[in-house]
Structures are given as C-alpha cells and as structure tokens.
Amino acid sequence: MDIKKKILIVEDEKMIAEILSINVTKAGFEAVCKYDGKSGLEEALSFSYDLILLDLMLPILDGFEFCKRLRYEKDTPIIILTAREEENDKILGLELGADDYLTKPFSIPELISRIKANIRRYSNEIVQEKVSNEIIKIGRLTINNSKYEVLKDGMKLELTKKQYELLVFLVKNKNKVFSREELMEQVWGYDGFYGDMRTVDVTVTRLRKQIEDNAAIPEYIQTKRGMGYVFVAP
Ligand code: CA
C-alpha cells in the first residue's frame, strides 16, 4: 500500500491555491494550503512534507525569505510559482535553495509532471547518499561514489554530472535493457512527455567516447535496436 506524498501549497491567492489543491489531490497527493509566508514556513518546519509549491509574492514573509529560512533546517524540494516573467526572480529563487520553478500560467499536466520529477529526484538523492561510499569495479572501470570519480585502467575520466549519473545507473542495473524514456525518467527525473529523447542519445554517445576503447563498437554500453541501452558486464 502506497503512503500518499504530502504537498504544502503556499499561495495567497485563494482561488489559485484551491485549483492547485484540487488538482494535486486528484493526482493522488495529499495537499495542505497556507496563505502567507509566515504560516507556510511554520507549517513546513513543524511537519514533514515531500514537496512545497511556493508563490513568490506573499504577504508577511515573501517566497525568497521562505526559501532562505527553510534551507537552514530542511531540504524539502521547493517548486517556485511565479507570475513574473523576470528571469531574476527565478534565478534568485534557485540561488536561495528552490529546486525548480513554473511560470504562471502553467498547465496542470506540466505541474504534476514537475512535482513527480522533483519528488523522485529527491528520493533518489537520499538513496545515493546511503551508498555514497561504495566503490564499484567493473571490467576496466572503477567507480568511486564518494568522489564522483570514474577511472579507466586507473586513469581518471572527465565526465559531466549527467554522464556520471547515467553510467552509475546503468552499472547498478547491469544487463538490463532500458528504453530512452525510462532513462530520461530515472536519470533526468523527467517523464517522456516533457523530455527530449535526443538528450539521452547524446549523453550515451559522449559517455562511450570516454569509457569505450572504440565508441563505434561499444563493449560496455550497447544499443539494443528498437529497445534501448544496456550496460553489459564483461
Ligand atoms: Ca501572490
């Protein structure tokens, strides 16, 4: 039995709060609304939430201050809801610790997709922390999770964060074929509808150039035509 994920909605426009609440409830979440920054923050600090939807322009305590103060104590994922077009608001919000943002008006499917992606990413991070000291040796590769480092024949490879995460995901699920959609969801945290599948192909291609002897004839990350990618343990 699934325990419902809890979402805190902090939004002073009651109509919008209501619409958000109805829709996240419909999508299977439990929702609580607060209508100003101060009571929202008190709620977020006193109870355990899986995600916070946060309006920026709020009475008593604004969304920026909310992010800053919450982050002293908790790392609950925050999605900022902003009516403003100004890039600066989003950037400041992200700098103060928000995880993602949506500009009003946004579609409900997009909102739900982002909520799921952020919750998933957050729970994956917790799992990764638990195994962070692990060293994986596979073929001529050594993955050091505590240093985010990959060595081939003892030589350090220069991988981007996504290349690293993709490799670790495939290695941990070796010999299992994943479609591009599944990889998009598992590694990037977005579901197929909003992701660009070429991102997966490009990342695989670049990763192969680092880990394979001959990227054209890969021995580790193989393509299964019409199915997807698989990491084959030598
Ligand atoms: Ca507002």
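The single condition among (1) part of a helix (DSSP H, G or I); (2) hydrophobic (A, V, I, L, M, F, W, C); (3) under 21 Å from the mean Cα position of the chain (by Cα); (4) within 16 Å of the ligand (Cβ to nearest atom) that A44 does not satisfy is (4). When every residue of segment 53-72 is checked against the conditions, at least one turns out to be within 14 Å of the ligand (Cβ to nearest atom), in contact with a Leu (Cβ under 8 Å, 6 or more places away or on another chain), closer than 18 Å to Y122 by Cα and in contact (Cβ under 8 Å) with a residue 60 or more places away in the chain.
Take E30 and decide whether it is within 21 Å of K6 (Cβ to Cβ) and of a type outside the set (A, V, I, L, M, F, W, C). Judged against the criteria, E30 is a match. Does C33 satisfy the condition of being within 14 Å of the ligand (Cβ to nearest atom) and either crowded, with 19+ Cβ neighbours inside 10 Å or over 22 Å from the mean Cα position of the chain (by Cα) (or both)? Criteria met by C33. Within segment 1-30, if we keep just the residues that are open to solvent by 30 Å² or more (accessible area, probe 1.4 Å) and among the small types (G, A, S), the residue that is nearest to the ligand (Cβ to nearest atom) turns out to be A27. Cβ-Cβ contacts under 6 Å between residues 6 or more apart (or on different chains), taken from a first residue in segment 207-234 that is over 18 Å from F169 (Cα atoms) to a second residue that is open to solvent by 60 Å² or more (accessible area, probe 1.4 Å), are listed as A215/K209. Inclusion of I136 among residues that are at pLDDT below 90, away from the ligand (no atom under 16 Å from the Cβ) and not basic (K, R) is warranted. Among the residues of segment 14-28, those identified as at pLDDT 95 or above and closer than 24 Å to R69 by Cβ are K14, A17, L20, S21, V24.
The values are calculated or read from the model by the stated rules, or taken from the named source; none is laboratory data. Here the structure is a predicted model, which is why all the values come from computation and not from measurement. No Cβ is skipped: glycine too gets one built from the backbone with ideal geometry, and neighbour counts run over all protein chains shown. Surface accessibility is based on the protein's heavy atoms, side chains included, excluding ligands, DNA and RNA. Shrake-Rupley method; radii C 1.70, N 1.55, O 1.52, S 1.80 Å.
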